[in-house]
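The values are calculated or read from the model by the stated rules, or taken from the named source; none is laboratory data. The model shown is predicted, which means the values in this text are computed figures rather than measured ones. Reconstructed Cβ throughout: ideal geometry from the backbone, glycine too, with neighbour counts over all protein chains shown. In case anyone asks, the SASA skips ligands and DNA or RNA and just uses the protein heavy atoms, side chains included. Shrake-Rupley method; radii C 1.70, N 1.55, O 1.52, S 1.80 Å.
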Amino acid sequence: SAVISQKPSRDICQRGTSLTIQCQVDSQVTMMFWYRQQPGQSLTLIATANQGSEATYESGFVIDKFPISRPNLTFSTLTVSNMSPEDSSIYLCSVGDRRPNEKLFFGSGTQLSVL
Amino acid sequence: GQSLEQPSEVTAVEGAIVQINCTYQTSGFYGLSWYQQHDGGAPTFLSYNALDGLEETGRFSSFLSRSDSYGYLLLQELQMKDSASYFCAVRDQSYGQNFVFGPGTRLSVLP
């Protein structure tokens with residue numbers, strides 16, 4: 001299993017500003033995933049972050065809006081840029097288990113409210 | 001593309017058995033997972049089925065039929081603490097082997 005520390009746990013931000021979310025894993029992992037979960041909704045994958053390469057973004061998500069860093073095998077950040085109220089959501093980082101990636105472990109999430 | 005369907009809500013009483021169904025459409029199926037999420041919490045892994053049949057883990061069991069593109073999560077001896085949202089998720093080759101999550105089923109357990 002993996003233990004994931006994610007911070008901040010919540011934040012209230014003004015429109016037009018940016019917020020960086022940090023995710024620290026207690027073991028080295030190849031891939032880290034960033035999800036968004038809007039209130040009462042399911043989880044949507046934003047991007048997959050591999051160490052040493054650019055993140056791979058899913059349809060509807062772009063690097064300019066959600067830049068991701070992955071400086072080493074235990075850490076990643078997601079920035080939500082130029083925020084609007086539509087970005088209010090829970091953001092979750094996640095990693096897969098080592099063998100055939102059958103399960104995902106999630107951080108505790110960042111609840112973001114944009115005013 | 002991928003699509004998954006689950007009932008939006010299920011209600012049951014303590015001690016009962018409840019089944020949450022999940023049907024899916026994918027173009028490169030690897031496996032079906034189930035996750036539990038309490039209000040305000042993170043999703044936690046419950047089970048993974050890659051092959052047809054039933055997997056049992058304590059009070060929870062998960063079933064998969066690949067030919068029917070169908071699976072279910074069975075919760076037995078329901079407890080109040082089982083009140084949560086339950087998501088099925090498909091691991092899909094066409095999605096970079098990543099997981100696509102279903103819409104979720106909110107389970108309410110009544111005393």
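If I go through region A:64-89 residue by residue, how many of them are in a strand (DSSP E or B) and closer than 11 Å to residue A:19 by Cα?
Residues meeting the conditions: 4.
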Here, strands (runs of 3 or more DSSP E) confined to region B:24-94 with at least 2 residues that are at pLDDT below 95 are B:29-37, B:44-49, B:53-57, B:84-92
Condition set touching a Cys at 6+ places or on another chain (Cβ under 9 Å) and among the polar types (S, T, N, Q), scope region A:1-23, selection surrounded by the fewest Cβ atoms within 10 Å (Cβ to Cβ): answer is A:5
Among the residues of region A:39-54, are any more than 12 Å from chain B (Cβ to nearest Cβ), open to solvent by less than 50 Å² (accessible area, probe 1.4 Å), assigned to a loop (DSSP other than H, G, I, E, B) and out of contact with any Phe, Trp or Tyr (no Cβ under 6 Å at 6 or more places or on another chain)? no
* To do: Check region A:16-31 and report whether any residue there is in contact with a strand residue (DSSP E or B) (Cβ under 8 Å, 6 or more places away or on another chain), modelled with pLDDT under 95, assigned to a strand (DSSP E or B) and under 29 Å from residue B:107 (Cβ atoms).
  => no
Condition set within 9 Å of chain B (Cβ to nearest Cβ) and open to solvent by less than 40 Å² (accessible area, probe 1.4 Å), scope region A:61-104, selection modelled with the lowest pLDDT: answer is A:101
Result of the Cβ filter at 9 Å on region B:40-65, keeping first residues that are under 20 Å from residue A:1 (Cβ atoms) and partners that are open to solvent by less than 30 Å² (accessible area, probe 1.4 Å) and basic (Lys, Arg), at least 6 apart or interchain, is B:48/B:91; B:50/B:91
